[in-house]
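Chemist: Below is the structure I would like to discuss, written out as structure tokens.
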Protein chains: 2
Amino acid sequence: MSAGFTVAVDAMGGDKGTGVIVEGVRQVLSARDDANLLLVGDPDEIQKHIGNNPLPKGRTEIVEASEVVNMDDSVAVALRNKKKSSMRIAIDQVKSGRASACVSSGNTSALMAISKFVLKTIPGIDRPAICTTIPALNGHTHMLDLGANVDCSADHLYQFAAMGSILAHAIDDNSRPTVGLLNIGSEDIKGNEQVKEAAELLSDSTLNYVGFVEGNEIYTDRADIVVCDGFVGNVSLKTSEGVANLVSVYLKEEFMRSPMNKLVGLLAKPILRSFGNRIDPRQYNGASLLGLKGVVIKSHGSADAVAFANAINIALLEIANDVPSKISESMNQSHNSVA
Amino acid sequence: MSAGFTVAVDAMGGDKGTGVIVEGVRQVLSARDDANLLLVGDPDEIQKHIGNNPLPKGRTEIVEASEVVNMDDSVAVALRNKKKSSMRIAIDQVKSGRASACVSSGNTSALMAISKFVLKTIPGIDRPAICTTIPALNGHTHMLDLGANVDCSADHLYQFAAMGSILAHAIDDNSRPTVGLLNIGSEDIKGNEQVKEAAELLSDSTLNYVGFVEGNEIYTDRADIVVCDGFVGNVSLKTSEGVANLVSVYLKEEFMRSPMNKLVGLLAKPILRSFGNRIDPRQYNGASLLGLKGVVIKSHGSADAVAFANAINIALLEIANDVPSKISESMNQSHNSVA
């Protein structure tokens with residue numbers, strides 16, 4: 001491999017097949033020369049999609065894997081019975097040091113479970129969490145957890161806040177990112193017990209805690225990081241997808257309603273495309289599994305090549321900024337300060 | 001009062017003042033002749049907004065109230081120290097039988113607490129819930145709870161499903177409304193304990209249970225009623241508001257980006273307005289406090305006249321369909337079938 005960062009890619013994960021993954025890899029390779037990629041999966045399938053347009057030598061390698069974790073495989077099956085899966089072997093590359101990060105569009109629960117088993121959790125972190133970046137007025141918001149942990153204690157929420165702060169610091173170059181706790185009202189008396197207790201922990205911490213945020217404020221610049229349990233985070237994120245889809249269907253329907261509307265729609269096409277790009281979920285593809293001793297990025301199951309390339313770019317950013325080590329250092333410090 | 005349905009309106013609640021409430025009342029009175037309205041509040045303030053354009057005699061009455069529940073009043077203050085508030089006296093009108101429903105844009109927690117105290121909860125219902133209607137592909141979805149109950153047991157979720165079914169049956173004329181349970185995945189193994197247990201209760205019930213629904217499916221025709229705890233429901237609803245706001249800001253920005261875009265924006269104006277109307281939250285204003293021995297409707301704090309009129313219309317629909325009695329009968333039946 002050439003000098004630079006190496007990312008292991010699960011070439012068999014996701015709903016769209018190996019083709020979009022190879023194409024995403026190609027986009028990253030041509031956009032930056034400091035990235036090397038290991039494509040993990042069925043060599044014939046990968047080679048078929050590479051076709052007559054070879055990937056740059058010395059910067060890519062195919063790593064054989066004879067099994068695939070399916071979207072409906074249980075965690076137990078993925079973990080115990082599929083040790084030769086593309087997902088497992090991609091994560092193994094991080095463990096062995098051949099790669100510095102892994103990206104997969106496969107089964108989220110399996111990816112989290114195998115990553116925890118192979119890479120281990122950073123001491124001081126009870127549970128890794130899933131964090132993604134979402135568009136907001138005047139910037140973006142990092143939100144976690146998005147589904148790894150359905151029930152969370154106040155301590156867990158505090159740890160999510162600490163990890164999110166490190167991520168935002170590292171990748172946004174924001175030295176004092178603000179942290180908000182997702183709640184159903186801004187008053188102190190609102191919310192469940194875990195949230196109220198987490199608010200106390202955060203108020204007493206060195207993190208830049210700004211208080212409770214409500215669901216609508218995720219999409220504003222109220223806080224750089226929004227913390228919640230995985231059940232709430234997952235529902236909130238999927239709700240957003242539902243609203244965005246409804247809006248896009250309604251908008252199309254209105255512009256198709258009459259011949260006159262269609263004509264205006266033609267004129268408005270570049271404007272609507274530019275609008276669409278701003279809320280395009282592909283631009284935000286790539287969720288970080290934070291709290292592991294290694295960089296693992298979950299790409300959306302239905303990611304296309306552009307989206308998959310974005311997920312690889314997030315992996316590269318986290319490697320370059322050494323996010324796992326920074327989380328580890330921060331946990332050491334908070335441990336020492338308590339001891 | 002004339003023949004027809006009588007609704008008591010809290011004329012002092014909400015952020016927009018008494019003017020929009022009087023205007024909303026005026027819209028309802030002119031649109032339908034079977035509605036009578038009691039305006040509860042400061043007579044001078046109400047009279048000032050009625051001005052020189054009197055409301056129809058025999059169909060409206062001003063009921064004096066000398067206090068107001070503020071948006072930041074605690075439940076304890078609203079309940080114990082403000083017995084002469086417009087909110088309290090509006091609810092008292094339902095208790096005494098002078099009105100068949102109450103509508104308020106005031107403090108939600110206070111409205112729920114006072115309603116429970118004055119009207120009482122229907123036997124068999126442990127906790128009343130807040131239910132609203134939201135736009136969805138091919139129709140709309142009823143969702144509850146939206147914030148009255150932050151922690152819910154499986155039994156509570158089951159009761160919400162039963163109440164939602166009765167509401168949908170009554171106001172949509174849908175004899176077998178489908179019920180979905182909000183969860184973070186469609187597989188049986190996903191979710192927290194309460195949700196899993198509620199799924200079993202619903203599967204064994206006579207309700208038309210269709211399984212788990214994910215956040216994005218709220219905005220599809222997957223289920224007529226979506227059930228969740230109040231924390232999750234509130235976050236989901238507010239998240240939707242946040243996304244809708246972001247979309248509207250982005251859309252405006254794109255159509256204002258250049259003189260050419262502005263010109264196209266002028267042409268597209270009627271189309272965008274028609275689109276805007278479809279996602280206009282005013283069309284969906286009016287959340288039902290279900291499970292009480294009486295119809296109580298919460299209007300959004302920032303509701304304008306159109307939105308407030310919609311909330312009154314929902315109250316009229318629930319009175320006409322006698323929703324509280326139907327919930328009560330259904331609870332009796334399920335009690336008898338268990339006994």
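The values are calculated or read from the model by the stated rules, or taken from the named source; none is laboratory data. Computed from a predicted structure; not experimentally measured. Neighbour counts are summed over all protein chains in view; Cβ atoms, including those assigned to glycine, are modelled from backbone coordinates with ideal geometry.
Chemist: Which one of these is in contact with a strand residue (DSSP E or B) (Cβ under 9 Å, 6 or more places away or on another chain), aliphatic (A, V, I, L, M) and either in the same structural domain as A:S115 (by TED's automatic domain parsing) or part of a loop (DSSP other than H, G, I, E, B) (or both): A:V77, A:V69? Talk me through it step by step, then tell me what you get.
Modeler: Numbers: A:V77 fails: in contact with a strand residue (DSSP E or B) (Cβ under 9 Å, 6 or more places away or on another chain).
Among A:V77, A:V69, only A:V69 is in contact with a strand residue (DSSP E or B) (Cβ under 9 Å, 6 or more places away or on another chain), aliphatic (A, V, I, L, M) and either in the same structural domain as A:S115 (by TED's automatic domain parsing) or part of a loop (DSSP other than H, G, I, E, B) (or both).
Chemist: Select from the range A:200-230 the residues that are without any contact (Cβ under 8 Å) to a residue 60 or more places away in the chain and either in contact with an Asp or Glu (Cβ under 7 Å, 6 or more places away or on another chain) or part of a helix (DSSP H, G or I) (or both) and list them in ascending order.
Modeler: A:E200, A:L201, A:L202, A:S203, A:G215, A:N216, A:E217, listed by residue number.
Chemist: For the structure I just gave you, tell me whether B:G58 is more than 24 Å from the chain's Cα centre (by Cα) and either assigned by TED's automatic domain parsing to the domain that holds B:E318 or among the acidic types (D, E) (or both). First the steps, then the outcome.
Modeler: Details: more than 24 Å from the chain's Cα centre (by Cα): yes; either assigned by TED's automatic domain parsing to the domain that holds B:E318 or among the acidic types (D, E) (or both): yes.
Criteria met by B:G58.
Chemist: Scan the range A:306-328 and report the pairs whose first residue is touching a residue at least 12 places away in the same chain (Cβ under 8 Å) and whose second residue is part of a helix (DSSP H, G or I) and of a type in the set (S, T, Y), with Cβ atoms within less than 8 Å and a gap of 6+ or a chain change.
Modeler: A:N310/A:Y284
Chemist: Tell me whether the range A:187-207 contains one or more residues that are over 20 Å from the mean Cα position of the chain (by Cα), on the phi > 0 side of the Ramachandran plot and within 10 Å of another protein chain (Cβ to nearest Cβ). Spell out the reasoning first.
Modeler: First, the residues of the range A:187-207 that are over 20 Å from the mean Cα position of the chain (by Cα): A:187-207.
With on the phi > 0 side of the Ramachandran plot added as a condition, the list becomes A:191.
After this cut, where a residue has to be within 10 Å of another protein chain (Cβ to nearest Cβ) as well, the list is A:191.
Yes, the range A:187-207 has at least one match.
Chemist: What number of residues in the range B:288-304 are modelled with pLDDT under 95 and either under 18 Å from B:M87 (Cβ atoms) or not in a loop (DSSP other than H, G, I, E, B) (or both)? Walk me through it before giving the result.
Modeler: Kept after step one, since they are modelled with pLDDT under 95, are these residues of the range B:288-304: B:300-304.
From what's left, either under 18 Å from B:M87 (Cβ atoms) or not in a loop (DSSP other than H, G, I, E, B) (or both): B:300-303.
Total satisfying the criteria: 4.
Chemist: Next question, about the same structure. Within the range A:70-110, which residues are among the β-branched types (V, I, T) and at pLDDT 95 or above? Write out each step before concluding.
Modeler: Initially, the range A:70-110 is screened for residues among the β-branched types (V, I, T), giving A:75, A:77, A:89, A:91, A:94, A:103, A:108.
Residues satisfying the conditions are A:I89, A:I91, A:V94, A:V103.
Chemist: Can you tell me which residue among A:G242, A:G233, A:G265 is at the interface with another protein chain (Cβ under 7 Å from one of its Cβ atoms), surrounded by 15 or more Cβ atoms within 10 Å (Cβ to Cβ) and part of a helix (DSSP H, G or I)?
Modeler: A:G242
Chemist: Hey, another quick one. Give all pairs with beta carbons closer than 6 Å in which a residue from the range A:15-27 that is farther than 9 Å from A:E45 by Cβ meets a residue that is of a type in the set (D, E); count only pairs at least 6 apart in sequence or on separate chains.
Modeler: Partner pairs satisfying both residue conditions: A:V20/A:D304.
Chemist: For B:V295, all conditions in the list (1) among the β-branched types (V, I, T); (2) outside the structural domain of B:K95 (by TED's automatic domain parsing); (3) touching a residue at least 40 places away in the same chain (Cβ under 8 Å) hold save one; what is the number of the exception?
Modeler: So the condition that B:V295 fails would be (2).
Chemist: Identify, from the list A:S153, A:S175, the residue that is in the same structural domain as A:G230 (by TED's automatic domain parsing) and touching a residue at least 12 places away in the same chain (Cβ under 8 Å).
Modeler: Working: A:S175 fails: touching a residue at least 12 places away in the same chain (Cβ under 8 Å).
After applying the criteria, what remains is A:S153.
Chemist: Across the range B:106-135, what is the number of residues that are in a strand (DSSP E or B) and of a type in the set (G, A, S)?
Modeler: Selection size over the range B:106-135: 1.
Chemist: Taking the condition of being outside any loop (DSSP other than H, G, I, E, B) and of a type in the set (D, E, K, R), how many residues in the range A:38-66 meet it?
Modeler: Result for the range A:38-66: 5.
Chemist: Condition first: aliphatic (A, V, I, L, M) and either part of a strand (DSSP E or B) or surrounded by fewer than 22 Cβ atoms within 10 Å (Cβ to Cβ) (or both). Now tell me which residues in the range A:136-184 satisfy that.
Modeler: So the first thing to find is which residues in the range A:136-184 are aliphatic (A, V, I, L, M), and the list is A:136-137, A:143-144, A:146, A:148, A:150, A:154, A:157, A:161-163, A:166-168, A:170-171, A:179, A:181-182, A:184.
Within the range A:136-184, A:A136, A:L137, A:M143, A:L144, A:V150, A:A154, A:A170, A:I171, A:V179, A:L181, A:L182 qualify.
Chemist: Let me ask you something else. Run B:P281 past the list (1) within 24 Å of the chain's Cα centre (by Cα); (2) not assigned by TED's automatic domain parsing to the domain that holds B:T132 and report the number of the one that doesn't hold.
Modeler: Unmet for B:P281, out of (1) within 24 Å of the chain's Cα centre (by Cα); (2) not assigned by TED's automatic domain parsing to the domain that holds B:T132: (2).
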